[in-house]
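Inspection log for the structure reproduced underneath, given as structure tokens.
The values are calculated or read from the model by the stated rules, or taken from the named source; none is laboratory data. All values reported here derive from a predicted model rather than from experimental measurement. Positions of Cβ are backbone-derived with ideal geometry, glycine not excepted, and every protein chain shown enters the neighbour counts.
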């Protein structure tokens, strides 16, 4: 192979520094998941195709990575389909497995398959890679990680309250202050649609309304009209244009506006319960805010809808999202199991922490001391100290070759190893070690037990 | 979908208990890797096909999972190849990516691709899933995990010494005593082949010799003759049949036997250096033992060969292996980079720890206390205590619904939650909580700050 090797489009290698930072975020999320009583599960990287196909819409099916059957997979293929060269028709005949596209459908499959072993309500978390054959672009990859927490088997709104607290606790632990947790409710959106008299224009309406800050009231109205929303509907929903003030004030306006829609009022009540409870219990790093334009995953969510915006000084899309779905496991034949969950966007959280300089300097676990190799006898002497240090949980290494001193020091320097230990004839005779601080250049002669104290 | 959903053949779901146990092993290995100065990298789950194909032999190529191209992948396929229905010929035209088959080839690719960012010698570890389209059987899966530590860029034998110590330290930490670390050297095998006058009979020879304990000397000789090994060669190599005693004695016999082979003697010297250094520094949970029948990965290794056997009271194959390869990165155009590495067999280590009852009882991180839900007001009161406990790092949860007491207690019981907290009107008025020990049934009324002490 003559050309330099590379990774497939949309995938990444992670260097030691990157793995350390990613682990720092994932470990923080994981600890909070456990603190809140969520339990980990893991599912296989690939599923039977029938588990995944048809669950994410037509576009989703197209983006699912399919795995070619092993062996002589063509032998059983229908000749006429082959002659037609119809890829869509051939795929199910030559591929029976597909890579995980998200963590939600495999979770639903898991719950149905293991329903007799599970204690409901089942609080589970899952942090694994997913794959999508999307066009790669900045911040969008073909292999990326999802970190999900979901509860299934209870309709209690305390779960929504808790998931908001969970977001807050994670971001607080990551020192990421100023996060906005946006909340909406599918039932409020249904109420708005009822008022409009047109469910199919709902997304156009929320998308246009979301631009209020940018294009002003007139701009929003023009866009709505252009999308075919009727003037009478716009007039009726005008109060949504001035939905300002704190969440309490907004909710009370919304209650008036949706007075004729029982479903809409139910949504208002649900949001009010969650927001009031959350505020009563207190948030540490975030604020919670009603956003009636929030409509992510409309076909999917049936109650609460969440989305998390990073601090305003960062240019970045949402770093998390979620909501309630009333019939997740129905697709696999287990009806009436309500669920609610949230997801953390690992890659974006990484970029935000990087931009704000929020990774702790200690995040890269590193060797504390490099022992210089002066030859076989000295190396064995050094190895005894190294074994001792490792037994005391202090990462230490020997430079493997008796190379020139300068080369060994350069290695310590490039690896950011803070101390170098030297032991030649003189030190061996005195059972001592000369320890050099790589930053200050200071040197001191110490005994083995003193090494622990200095390096710990 | 009417039938119960399932996972693909050879893959597994991991329950909370299984994830906890797997994480315990992986975390232990990871901490030791870092203590020894190894740094983590991660590579994508799939690679460009040309990176993987042709690297594992014909059988390996067959077992690599190939990913179907997206879109209308058939449109560019050669018509005549389609008409022939030749799967092997079509595959490269409809598949450009393949799932990782091991961690070694991606590591070699990584080193070559990032050679200018890497400080050599490069000590890296990697713990990721790999996939093989092998026939599944007990202990063999189509998705499984490898945990590898390798150093590239130095020929120093101190690395071999250190890798033996690393094995020992991991197994010691896992409380797995009585492990045997077998060592051999490709150069000793080359010396034996020279003596036989037939390199291509070497594997037959070692496989037969390995059965000495089981089938006795005569059985071994008969098997060798049946495999076409000449009587004169067997006579010459007879001393290998009585290679007993400690490693020092064995090495000295071997030195006599291989006196005519400079390569063989070099191998003996290398093993002697590693074994003597390891014994001088001391092992905690394992013994190191020369095994001249050890020939794993013969085409691949050029120096040391390692294999780890579990304690003798467990019926199980090797739980780890590795060795030195002198030209790992040559396949990607970077010549002359020597490497040495070891691998831990996660699935088998799991089975061994399970069989010997060596998982700590604390391995499953779990909720410490469940607060019983008596209704909205009581739940809010409970939530305040829960937030306080979580701030003090004590996992706590509220039962989400105001269900019947018995149902809530059953939930705590099934989840193995050790304490249940109750707070109704009486407790709220006194700012107290009634704490019930689920094991003993004891109940006591405590204040919030006392909860921390009891549950910590």
Is it the case, given these coordinates, that residue A:60 is in contact with a helix residue (DSSP H, G or I) (Cβ under 9 Å, 6 or more places away or on another chain), more than 30 Å from residue B:389 (Cβ to Cβ), outside any loop (DSSP other than H, G, I, E, B) and more than 7 Å from chain B (Cβ to nearest Cβ)?
yes
What are the residues in region A:2-18 that are within 15 Å of residue B:52 (Cβ to Cβ) and crowded, with 18+ Cβ neighbours inside 10 Å, if any?
A:5, A:7, A:8, A:11
Residues (touching a helix residue (DSSP H, G or I) at 6+ places or on another chain (Cβ under 6 Å) and within 14 Å of chain A (Cβ to nearest Cβ)) located in region B:304-340
B:304, B:328, B:329, B:332, B:334, B:337, B:339, B:340
Grab the strands (runs of 3 or more DSSP E) fully contained in region A:290-378, keeping just those with 2 or more residues being farther than 23 Å from residue A:126 by Cα and assigned by TED's automatic domain parsing to the domain that holds residue A:433.
A:369-371
For region A:85-131, which positions are farther than 30 Å from residue B:414 by Cβ, crowded, with 18+ Cβ neighbours inside 10 Å, in contact with a helix residue (DSSP H, G or I) (Cβ under 8 Å, 6 or more places away or on another chain) and within 7 Å of chain B (Cβ to nearest Cβ)?
A:90, A:95, A:97
Among all residue pairs at least 6 apart or on different chains, which show Cβ distances below 8 Å where the first residue, located in region B:63-84, is touching a residue at least 60 places away in the same chain (Cβ under 8 Å) and more than 8 Å from chain A (Cβ to nearest Cβ) and the second is surrounded by 11 or more Cβ atoms within 10 Å (Cβ to Cβ) and part of a helix (DSSP H, G or I)?
B:64/B:52
Condition check for residue A:285: within 27 Å of residue A:128 (Cβ to Cβ), touching a residue at least 40 places away in the same chain (Cβ under 8 Å), buried (at least 17 other Cβ atoms within 10 Å of the Cβ) and away from chain B (no Cβ under 14 Å)
no
Residue that is nearest to the chain's Cα centre (by Cα), among those in region B:6-19 that are under 22 Å from residue B:415 (Cα atoms) and more than 7 Å from every other protein chain (Cβ to nearest Cβ):
B:18
Residues located in region A:385-420, provided they are in contact (Cβ under 8 Å) with a residue 60 or more places away in the chain, out of contact with any strand residue (DSSP E or B) (no Cβ under 7 Å at 6 or more places or on another chain) and not in a loop (DSSP other than H, G, I, E, B)
A:388
Of all the residues that make up region B:20-57, how many are in a helix (DSSP H, G or I) and more than 19 Å from the chain's Cα centre (by Cα)?
5
Which ones in region B:403-430 are touching a helix residue (DSSP H, G or I) at 6+ places or on another chain (Cβ under 7 Å) and surrounded by fewer than 18 Cβ atoms within 10 Å (Cβ to Cβ)?
B:424, B:428
Please enumerate the residues belonging to region B:343-380 that are over 30 Å from residue B:177 (Cα atoms) and either surrounded by fewer than 18 Cβ atoms within 10 Å (Cβ to Cβ) or touching a strand residue (DSSP E or B) at 6+ places or on another chain (Cβ under 7 Å) (or both).
B:367, B:368, B:369, B:370, B:371, B:372, B:373, B:375, B:376, B:377, B:379, B:380
Would you mind stating whether residue A:47 is in contact with a strand residue (DSSP E or B) (Cβ under 9 Å, 6 or more places away or on another chain) and either within 7 Å of another protein chain (Cβ to nearest Cβ) or within 13 Å of residue A:131 (Cβ to Cβ) (or both)?
yes
Considering A:200, A:185, A:222, A:246, which residue is in contact with a helix residue (DSSP H, G or I) (Cβ under 7 Å, 6 or more places away or on another chain) and in the same structural domain as residue A:267 (by TED's automatic domain parsing)?
A:185
Checking the structure you have, find out if any residue of region B:187-196 is more than 14 Å from chain A (Cβ to nearest Cβ), under 22 Å from residue B:305 (Cα atoms) and in a strand (DSSP E or B).
no
